[in-house]
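Step one of this worksheet: look at the structure below.
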Amino acid sequence: MEQNAFIDKLISEMTVEEKAAQMLQVPVSVVGMEAAREWARKGVGSFLNVLGDDMRELSRISCEESRLKIPTIFGIDAVHGHCLNKDATIFPSQLAMACSWNRELVEKIGHITATEVATEGIQWTFSPILCLARDPRWGRTNETFGEDKYLSGELGVSIIKGYQGEDLSDDTAILACAKHFIAYGEATGARDSYDTEITMRKIRDEFLPPFKKAVDAGCATFMTAYGSIDGTPLTANEKVLRGLLRDELGFDGFLVTDWDTVNALIRRQKVCADHGEASNAAAKAGNDMIMSTLEFYDAIIDQVKQGKINESYLDEAVKHILKVKLRLGLWEKPLKKGVPGSIGCQEHLDTALEAARDGVVLLKNNGVLPVTPDKKIRKIGVIGPNADDIRAQYGDWTYFTHPVPGIEKEPQRPFVTLLEGIRKQCEGTGIEVCYSYGCSVNRRYYYKGNYPGIPEFMEMCYEDNAYNADYYQEMPLVSEAARMARDCDLIVVAIGDNYNQVGEYNDRANLEPSGMQAALVRVLSKFNIPMVTVLISSKPLAIPEIAGRSDALICAFNGGMFGGQAVAEVIFGKINPSGRLPISFPVLTGQVPVYYNQFPGWHEGRYVDCPKDPLFAFGEGLSYTKFEYSELAFDKETNTVYVTVTNTGDFKGTETVQIYVNDVVSSVMTAVKNLVGFDRVELMPGESRALKIKIDEDAFTVVLPDERRVIEPGQFEVMAGHSSKDEDLIKIMVTF
Ligand code: NOJ
């Protein structure tokens with residue numbers, strides 16, 4: 001039977017109750033298995049947060065015991081690997097992945113994640129996040145591809161291709177979910193899910209492009225954002241969901257709400273009085289599947305029966321869902337097959353290591369790195385709360401931050417922390433490695449032990465004003481680290497945040513390193529021993545003093561299983577760092593926002609008490625070699641930039657060539673520059689390469705107040721170079 005006819009026939013046989021059930025996604029972790037079985041019998045459309053035998057049982061019930069035997073679909077947050085399964089491969093967080101600026105790698109990560117998710121049987125991941133992290137106080141910064149629309153769109157398309165493959169019915173293909181639609185990261189004050197004060201012009205200009213690319217790439221599902229736009233919750237936002245996403249972008253998959261957002265219309269956002277109103281509003285706005293609000297089921301049936309909503313709304317939503325189920329081939333194969341034995345297999349682990357290596361960003365180096373034999377290092381002190389903490393290295397959305405019932409929460413090998421990575425690099429070299437915890441990230445640590453030599457270094461901490469009443473319990477730890485460090489030839493100190501400071505509900509008002517971490521670095525720097533600081537965190541932190549006191553600074557974000565190994569390899573010169581920042585670092589929290597593509601303005605964007613520039617800018621990242629740019633040209637016919645890059649240093653290295661455009665005069669203000677293209681090139685010392693880089697088709701456009709995107713004739717600067725900083729770019733003028 002022809003596909004549409006099959007679906008139409010099925011819908012014509014469904015009762016209102018069965019349609020309401022098909023529109024529901026039930027969280028097994030919340031309702032438990034007994035209730036979940038009942039929902040499966042009612043013909044529920046989807047479950048989330050269930051693995052293993054429980055999932056297989058629910059699948060079997062829906063296929064055999066529900067009246068119409070429509071297979072159910074299982075969703076999971078496999079956002080940097082299938083990380084809710086403790087045996088799976090854990091990749092760097094999306095932010096750490098983005099540091100690679102490597103489309104092929106990100107697609108490969110998507111494919112491996114899909115293979116592992118599919119091997120579990122599951123058909124759907126709630127990934128990628130295409131929100132922009134333009135205010136790093138936001139707790140979900142780590143889940144994004146950073147602050148830029150072009151980079152997010154490109155890497156988003158790569159990971160979607162990796163998840164979905166060529167054909168959704170393939171054994172290793174799963175549904176991607178572009179989320180959260182839209183402008184979620186822009187909530188006022190970076191307070192997660194708050195209202196976003198924004199115009200539709202701005203939404204189209206800044207936040208729509210990555211989602212448009214996701215639609216064009218065939219992303220099969222989208223997720224609505226928790227928040228609201230100018231007072232209208234996204235869950236009830238017909239203009240955005242139907243108007244923009246469905247009608248204008250032509251999205252033809254299905255749209256799922258975020259967690260319990262129908263309930264939020266009543267309890268949090270207070271725009272609906274009861275579940276009847278809320279369910280009605282959500283369905284009319286264009287949501288096809290309702291995540292977790294179980295009250296939707298009775299409420300929407302009642303609304304139909306009372307004539308408050310036309311049943312055709314339900315038919316339309318169910319049609320979107322069934323079409324995707326059909327594309328998945330669920331009637332032939334209700335659960336995915338995947339590749340047996342592939343979860344956490346060696347080949348996948350190798351890619352996790354490759355991803356960690358590509359994501360390491362070297363932000364400062366006064367020559368202390370790489371550590372080579374001629375530097376005659378005999379003893380290295382590895383210090384700091386994140387040097388040997390795999391949970392901090394993993395970040396959010398793993399089996400211990402989001403446990404699924406029945407899954408063991410203890411960190412599972414294999415993984416390599418920074419301490420372990422450094423020890424490995426030093427094996428057989430005669431270099432001694434010692435370790436001290438230093439201080440905790442954000443909790444008081446009640447020390448009960450006995451450290452010799454404490455008084456001397458306690459004095460030092462007091463003198464340095466590192467003493468802080470809240471954290472006095474930690475002084476012995478700082479002191480012990482100092483005692484250990486004093487006769488080292490190199491200090492490697494790992495600071496950052498931990499998973500209590502990441503994710504939903506965990507926005508930060510203060511981006512300075514928490515606890516005694518800054519004091520620890522300050523105390524250690526007193527010895528004038530070469531010091532490398534490694535930032536293992538979910539986001540940029542405000543670390544001007546730490547950066548200043550360090551001889552080298554490495555940003556690793558959440559590097560996944562082998563994040564520690566990758567950083568150690570960079571420290572010892574086994575690999576030449578090639579990561580570039582996908583997000584800018586503020587000097588102070590109050591300097592936020594510091595994203596690079598702001599409007600030009602008065603006063604040079606300067607505060608009286610803070611420098612004008614960010615501490616580190618979008619696109620920055622050092623190498624052990626140097627690159628030079630020349631022969632920049634642009635071909636209008638093919639929208640292609642030509643530029644020659646030369647490795648003028650002594651090491652083989654990979655450069656990420658970045659292309660920016662500035663609209664010199666426009667009728668509405670436009671950003672000082674926008675990233676419109678990039679490419680990675682590996683060059684041997686002395687080698688030159690002439691590159692052709694096709695740039696974004698919207699590179700020269702502007703969104704007008706009437707929301708039309710047009711090219712306004714005039715002059716444009718086309719820039720190519722190493723980072724978004726003016727001093728790193730060469731320019732030409734182009735006229736349209
Ligand atoms: C809420 C989060 O906002 C969303 O990103 C996630 O996919 C769902 N919960 C499901 O866990």
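The values are calculated or read from the model by the stated rules, or taken from the named source; none is laboratory data. None of these values were measured; they are calculated from a predicted model. In this analysis, Cβ positions are derived from the backbone assuming ideal geometry, glycine residues included, and neighbour counts consider all displayed protein chains. Surface areas here come from the heavy atoms of the whole protein model, side chains and all, with no ligands, DNA or RNA. Shrake-Rupley method; radii C 1.70, N 1.55, O 1.52, S 1.80 Å.
Among all residues of segment 274-288, there is at least one that is touching a Leu at 6+ places or on another chain (Cβ under 7 Å), in a loop (DSSP other than H, G, I, E, B) and of a type in the set (G, A, S). The residues in segment 592-618 that are over 16 Å from S724 (Cα atoms) and within 22 Å of the chain's Cα centre (by Cα) can be counted, and the count is 1.
Name the residue, out of L353, L335, that is within 30 Å of A220 (Cα to Cα), at pLDDT 95 or above, in contact with a Phe, Trp or Tyr (Cβ under 6 Å, 6 or more places away or on another chain) and open to solvent by 20 Å² or more (accessible area, probe 1.4 Å). Among L353, L335, only L353 is within 30 Å of A220 (Cα to Cα), at pLDDT 95 or above, in contact with a Phe, Trp or Tyr (Cβ under 6 Å, 6 or more places away or on another chain) and open to solvent by 20 Å² or more (accessible area, probe 1.4 Å). Kindly evaluate I659 against the criterion of being assigned to a strand (DSSP E or B) and more than 19 Å from C99 (Cα to Cα). Criteria not met by I659.
For the subset of segment 282-311 comprising residues that are closer than 21 Å to T221 by Cβ and open to solvent by 30 Å² or more (accessible area, probe 1.4 Å), which member is farthest from the ligand (Cβ to nearest atom)? Only one residue tops the list, namely K284. Only residues that are over 29 Å from the mean Cα position of the chain (by Cα) and of a type in the set (G, A, S) were counted across segment 699-733, and they come to 1.
As a summary of the residue check, S193 satisfies the conditions (1) part of a loop (DSSP other than H, G, I, E, B); (2) within 15 Å of the ligand (Cβ to nearest atom); (3) at pLDDT 95 or above except for the one numbered (3). The residues listed here are A173, A214; of these, the one that is more than 30 Å from P705 (Cβ to Cβ), outside any strand (DSSP E or B) and of a type in the set (G, A, S) is A173. Taken across segment 391-406, residues that are part of a loop (DSSP other than H, G, I, E, B), surrounded by fewer than 22 Cβ atoms within 10 Å (Cβ to Cβ) and either at pLDDT 95 or above or of a type in the set (K, R) (or both) do not occur at all. Starting from segment 190-204, keep only residues that are farther than 24 Å from V668 by Cβ, then list their pairs with residues that are assigned to a loop (DSSP other than H, G, I, E, B) and open to solvent by 40 Å² or more (accessible area, probe 1.4 Å) whose Cβ atoms are within a distance under 7 Å, requiring at least 6 positions of separation or different chains. Hits for this filter: A190/R137; A190/D507; R191/D507; D192/E504; D192/Y505; D192/D507. Here S666 qualifies as small (G, A, S), surrounded by fewer than 20 Cβ atoms within 10 Å (Cβ to Cβ) and on the phi < 0 side of the Ramachandran plot. Scanning segment 377-390 for residues that are closer than 20 Å to K574 by Cα and either open to solvent by less than 20 Å² (accessible area, probe 1.4 Å) or modelled with pLDDT under 95 (or both) yields I380, G381, V382, A387.
Please specify each residue of segment 222-240 satisfying the condition of being more than 11 Å from the ligand (Cβ to nearest atom), polar (S, T, N, Q) and either assigned to a strand (DSSP E or B) or out of contact with any strand residue (DSSP E or B) (no Cβ under 7 Å at 6 or more places or on another chain) (or both). Correct list: S228, T232. Here M55 meets the list (1) among the aliphatic types (A, V, I, L, M); (2) touching a residue at least 12 places away in the same chain (Cβ under 8 Å); (3) open to solvent by 10 Å² or more (accessible area, probe 1.4 Å) almost entirely, failing just condition (3). Can you report the number of residues in segment 708-724 which are open to solvent by less than 60 Å² (accessible area, probe 1.4 Å) and either touching a residue at least 60 places away in the same chain (Cβ under 8 Å) or part of a loop (DSSP other than H, G, I, E, B) (or both)? The number of residues fulfilling the criteria is 9. Only residues that are under 23 Å from R327 (Cβ atoms) and either touching a helix residue (DSSP H, G or I) at 6+ places or on another chain (Cβ under 6 Å) or among the aliphatic types (A, V, I, L, M) (or both) were counted across segment 211-259, and they come to 17.
Given the criterion within 15 Å of the ligand (Cβ to nearest atom), modelled with pLDDT of 95 or more and open to solvent by 10 Å² or more (accessible area, probe 1.4 Å), identify the matching residue among D247, D260, D274. The unique qualifying residue is D260. Across segment 16-46, which residue is modelled with the highest pLDDT among those that are among the polar types (S, T, N, Q) and either open to solvent by 30 Å² or more (accessible area, probe 1.4 Å) or more than 18 Å from W331 (Cβ to Cβ) (or both)? Selected residue: Q25. Residues in segment 81-113 that are open to solvent by 10 Å² or more (accessible area, probe 1.4 Å) and in contact with a Phe, Trp or Tyr (Cβ under 6 Å, 6 or more places away or on another chain): K86 only. Scanning segment 398-413 for residues that are of a type in the set (A, V, I, L, M, F, W, C) and either over 23 Å from D53 (Cβ atoms) or more than 23 Å from the chain's Cα centre (by Cα) (or both) turns up just one, I407. May I ask you to list the residues in segment 114-167 that are more than 16 Å from I73 (Cβ to Cβ), open to solvent by less than 10 Å² (accessible area, probe 1.4 Å), among the aliphatic types (A, V, I, L, M) and more than 16 Å from the ligand (Cβ to nearest atom)? Listed by number, the residues that qualify are L151, L155.
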